[in-house]
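Where a number appears in this text, it was derived from the coordinates with a stated rule and is not lab data. Source: prediction; values computed, not measured. Note: ideal-geometry Cβ built from the backbone for every residue, glycine included; neighbour counts use all protein chains shown.
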Amino acid sequence: MVDWGFVATYGPHLVEACWITLAISAASLVLSSIAGLGIALVRIGPGRVLPGLAWTYVWIVRGTPLLLQLFAIYYALPAAGIRVGPWEGGIIALSLNSSAYFAEIFRGAIRAVPAGQREAALAVGMMPAQAMVRIVLPQAARPALPPYIGQATTLLKNSSLVSVIAVPDLMLTAQSIYSSTYRVVEVMVMTGLLYLLMTSLLQIAQTVLERRLGYYTVR
C-alpha cells in the first residue's frame, strides 16, 4: 500500500528540488549547444590545426567518464588556483561533456545536407558564412533533432551526478530523505517518477518540433 502521508510530507521537497535539476540542466544545455555547434563548424572547416584540436577535444571528452570530468573541474582546478562553486562546477562539467556529443550530432547533420545546396548559395553571391547560416544550418536542423533531444535527455539524467559535489538537486535531496527516514524504496520510486516526468517533457517537445519540421505527413 502507498503511504500517502509519507508522499504528502516529503513529495513537495522532491518537487522543489526538481527546479534545481531543471535549472542546472537548462543552463548546461544552452552552453553545450552553443559550444557544440562551434566545435562542429571548426571540425568541418579548412585547415588541419584547428580541426585537429577540435577532434582531440571530442576524443578526450567522449572517452572519459563524466564523473571523472566533474571531479577534475571541482577538485583539481582549485589546486591550480581556480576555484569554482558546486553550481558552477556542475554546469561547467555538464556543458563540456555534452558539447562533445552535440558537436558530433551537428557535424553529422551538416554533412547530411547535400553539397549542392551550399554551392548554389555561393553561386548566387552569398558569403560562406551566409550560406551556412541561411541555407545549410536550417536544413541540418531536421536530421539533428532526434539525436539532439536524445542527448538533452541524457544530459538531464546525468545532472544527478552533481549531487556528489553537494549541489542540492533532486538526487541529493532524495538521498537526504531516505538517509533520515530509511524509506529507500518509496523515495526512489518518487524520484524515478519525477525524472521520468521531466524527460517525458523533452519527448513531447521532440514530437511537437518534428511535426513543425515536417517529419509527419498530415492527411
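Given the options 56, 153, 21, state which has the largest fluctuation in a GNM of the chain using a 10 Å cut-off (strictly under) for Cα springs.
Most flexible of the set in this elastic network: 56.
Scan the stretch 167-219 for chymotrypsin sites (Phe, Trp or Tyr not before Pro) in coil per DSSP, keeping those whose Cβ has at most 13 other Cβ atoms within 10 Å, and list them by number.
Loop-located and lightly packed - 182, 215, 216.
Can you give the FRET efficiency for residue 6 and residue 199, using 1/(1 + (r/R0)^6), R0 = 30 Å, r = Cβ-Cβ distance, to the nearest 0.05? Present the calculation step by step, with values, prior to reporting the outcome.
Details: r = 24 Å, r/R0 = 0.81.
Given R0 = 30 Å and the Cβ-Cβ separation, E is 0.80.
For the stretch 11-68 and the stretch 86-121, what is the separation of their C-alpha centers, rounded to whole Å?
Cα centroid of the stretch 11-68 versus Cα centroid of the stretch 86-121: 9 Å apart.
What's the FRET efficiency of residue 117 with residue 34 using the Cβ-Cβ distance as r and R₀ = 30 Å, to the nearest 0.05? Kindly include the intermediate steps, with their values, before the conclusion.
Working: r = 24 Å, r/R0 = 0.79.
Given R0 = 30 Å and the Cβ-Cβ separation, E is 0.80.
Explain nothing, just compute: Karplus ³J(HN,Hα) = 6.51 cos²θ - 1.76 cosθ + 1.60, θ = phi - 60°, for every residue of the stretch 45-60 in order, whole Hz, x for Gly and Pro.
For the stretch 45-60, the Karplus-derived couplings read x, x, x, 10, 5, 5, x, x, 5, 5, 4, 4, 4, 4, 4, 5 Hz, x marking Gly and Pro.
With a sphere of radius 14 Å drawn around the Cβ of residue 58, what net charge do the other residues whose Cβ falls strictly inside it have (Lys, Arg +1; Asp, Glu -1)? Write down the numbers at each step before the final one.
On the way: positive: 43, 62, 107; negative: 104.
Charge balance near residue 58 sits at +2.
Principal axis lengths of the chain from Cα atoms, whole Å, largest first?
Result, largest extent first: 69, 59, 22 Å.
Rounded to the nearest 500, what is the 222 nm mean residue ellipticity of the chain from helices alone, with -39500 (n - 2.57) per DSSP H run of 4+ residues and division by all residues? Don't jump to the answer; show the numbers that get you there.
Values: 9 runs with 164 residues, N = 219.
-25500 deg cm²/dmol, from helical runs alone.
Remind me, relative contact order of the chain in percent, using alpha carbon pairs under 8 angstrom and six or more residues apart?
On the way: 207 pairs, mean separation 58.3, N = 219.
In percent, rounded to a whole number, it is 27.
Only four residue types carry charge here, +1 at the Cβ of Lys and Arg and -1 at the Cβ of Asp and Glu. Report the dipole size of the chain about the Cα centre in Debye, rounded to the nearest 20. Don't skip to the answer; put the middle values down first.
On the way: 14 positive and 8 negative charges, 181 e Å.
The dipole of the chain has a size of about 860 debye.
With r defined as the distance between the Cβ atoms of residue 15 and residue 176 and R0 fixed at 25 Å, what FRET efficiency is calculated, to the nearest 0.05?
On the way: r = 15 Å, r/R0 = 0.58.
For residue 15 and residue 176, the calculated efficiency is 0.95.
Note down the Stokes-Einstein diffusion coefficient of the stretch 1-120 in µm²/s, whole number, using a Kirkwood radius over alpha carbon pairs, 10 °C, and 1.306 mPa s. Each step should come with its number before you reach the end.
Working: Rh = 16.9 Å.
It diffuses with D of about 94 µm²/s by this estimate.
Cβ under 15 Å from residue 125's Cβ, residue 125 left aside: what net charge do those residues give with Lys, Arg +1 and Asp, Glu -1? Display every interim value, and only then the final one.
Details: positive: 118, 134; negative: 119.
Here the charged neighbours net out to +1.
Stretched out fully, how many nm does the piece from residue 157 to residue 139 gain, at 0.36 nm a residue minus the Cα gap?
Numbers: separation 18, 0.36 × 18 = 6.48 nm, distance 2.88 nm.
That works out to 3.6 nm of additional length.
What's the exposure ranking of 106, 6, going from fewest to most Cβ atoms within 10 Å?
Values: 106 25, 6 15.
Arranged by neighbour count, lowest to highest, 106, 6 become 6, 106.
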